[in-house]
1. Taking the stretch 43-73 on its own, how many of its residues are touching a residue at least 12 places away in the same chain (Cβ under 8 Å), out of contact with any Asp or Glu (no Cβ under 9 Å at 6 or more places or on another chain) and of a type outside the set (A, V, I, L, M, F, W, C)?
2. Determine which single condition ILE134 fails, assuming it passes every other condition in (1) within 30 Å of ASP223 (Cα to Cα); (2) of a type outside the set (D, E, K, R); (3) modelled with pLDDT of 85 or more.
3. Step by step: first the residues of the stretch 163-180, then only those that are open to solvent by 50 Å² or more (accessible area, probe 1.4 Å) and in contact (Cβ under 8 Å) with a residue 24 or more places away in the chain, then the one that is nearest to MET240 (Cα to Cα). Which residue is that?
4. Enumerate the pairs (first residue in the stretch 227-247 and in contact (Cβ under 8 Å) with a residue 24 or more places away in the chain; second residue anywhere and open to solvent by 30 Å² or more (accessible area, probe 1.4 Å) and of a type in the set (Phe, Trp, Tyr)) with beta-carbon separation below 6 Å, excluding pairs fewer than 6 apart on the same chain, so at least 6 apart or on different chains.
5. Out of LEU97, LEU103, LEU93, which single residue is open to solvent by 40 Å² or more (accessible area, probe 1.4 Å), under 30 Å from ILE218 (Cβ atoms) and modelled with pLDDT under 95?
6. When the residues of the stretch 11-33 are filtered to those that are modelled with pLDDT of 60 or more and open to solvent by 100 Å² or more (accessible area, probe 1.4 Å), which remaining residue is farthest from TYR221 (Cα to Cα)?
7. Give PHE84, PHE121 a once-over and let me know the one that is surrounded by 14 or more Cβ atoms within 10 Å (Cβ to Cβ), more than 24 Å from PHE225 (Cα to Cα), among the hydrophobic types (A, V, I, L, M, F, W, C) and modelled with pLDDT of 90 or more.
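The values are calculated or read from the model by the stated rules, or taken from the named source; none is laboratory data. For clarity, every value in this text was computed on a predicted model and none was experimentally measured. Cβ placement follows ideal geometry from the backbone for every residue including glycine, while neighbour counts extend to all protein chains displayed. Protein only, heavy atoms only, side chains kept; ligands, DNA and RNA dropped before computing areas. Shrake-Rupley method; radii C 1.70, N 1.55, O 1.52, S 1.80 Å.
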Amino acid sequence: MNVNIQGAPIYFIIPIFGGIPITASLVVTWGVMLVLTLVCIWLTHDLKVKNISKRQAAAEFIVKTAENFVRNNMGEKWAHYTPFIASIFALSLCSSLASLVGLWSPTADVSTTMAWAIVVFVIITATKIRTNGIGGYLKGFCDPIFVMAPFNVLGEVFTPISMAFRHFGNIVSGTVITALVYAALVAANHALFGWLPGAVGEILGAIPFLTVGVPAVISLYFDWFGSFMQAFIFCMLTMMFIASAAE
């Protein structure tokens, strides 16, 4: 998984309003959205009522799974959020897995996860205002007593920040751990075979025998399982915050 904690690589700059940088995060995210759109079009093409194809069966299974996921965690009245939750999950998962094909992972850029979190925050705020009105929303910051207002405001502001950095931090930490383990295996391989005399030790020490298989196992956890879990957790938090906003 590729990561640069100092920021995503800049591919080029559009000279508008002082220059708009087009980063790897933007390019890969657009690419992921394009792929997901094409897959959706392919899955939902030529739908039938009877004698459905395996492609349509797969599409129906995905839709039913997403609907049940939202209904079981938010309730029936929130079923209309299924497309949004499913989109966030698919975009997050595929963005994290982009590194498996040598691309930059947009989720390794905090600006990407922060953008998603801000969208969720806007929905949460809109839900609170729609449920309680402007006055009720503002009054909620004074619960249980008015002196708690500054802390309640901070808690509200930190909601998208915590969601963004939780997702970003776990992706980056997995990448750093994988890189450290790989570097340690290379050093251990050199120490193990480097004691052999002459050219034999140099040749065997330069061949990373110990790295065979181990990075793949680590990648199975951090890239596949970790990416799935972070997408799952982000969606769970989104559903929890939106549902609780209406209470």
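1. 3
2. (1)
3. Result: ARG166.
4. ALA231/PHE89; CYS235/PHE89
5. Details: LEU97 fails: open to solvent by 40 Å² or more (accessible area, probe 1.4 Å); LEU93 fails: open to solvent by 40 Å² or more (accessible area, probe 1.4 Å).
That would be LEU103, the only listed residue that is open to solvent by 40 Å² or more (accessible area, probe 1.4 Å), under 30 Å from ILE218 (Cβ atoms) and modelled with pLDDT under 95.
6. Once the filter is applied, the top-ranked residue is PRO15.
7. After applying the criteria, what remains is PHE121.
Residues are listed down the side, and each one gets a yes or a no for (1) touching a Pro at 6+ places or on another chain (Cβ under 7 Å); (2) touching a residue at least 12 places away in the same chain (Cβ under 8 Å); (3) under 28 Å from CYS235 (Cβ atoms); (4) of a type in the set (Gly, Ala, Ser):
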| residue | (1), (2), (3), (4) |
| --- | --- |
| THR113 | no, yes, yes, no |
| ILE118 | yes, yes, yes, no |
| ALA126 | no, no, yes, yes |
| ASN132 | no, no, yes, no |
| GLY136 | no, no, yes, yes |
| LYS139 | no, no, no, no |
| PRO144 | no, no, no, no |
| MET148 | no, no, no, no |
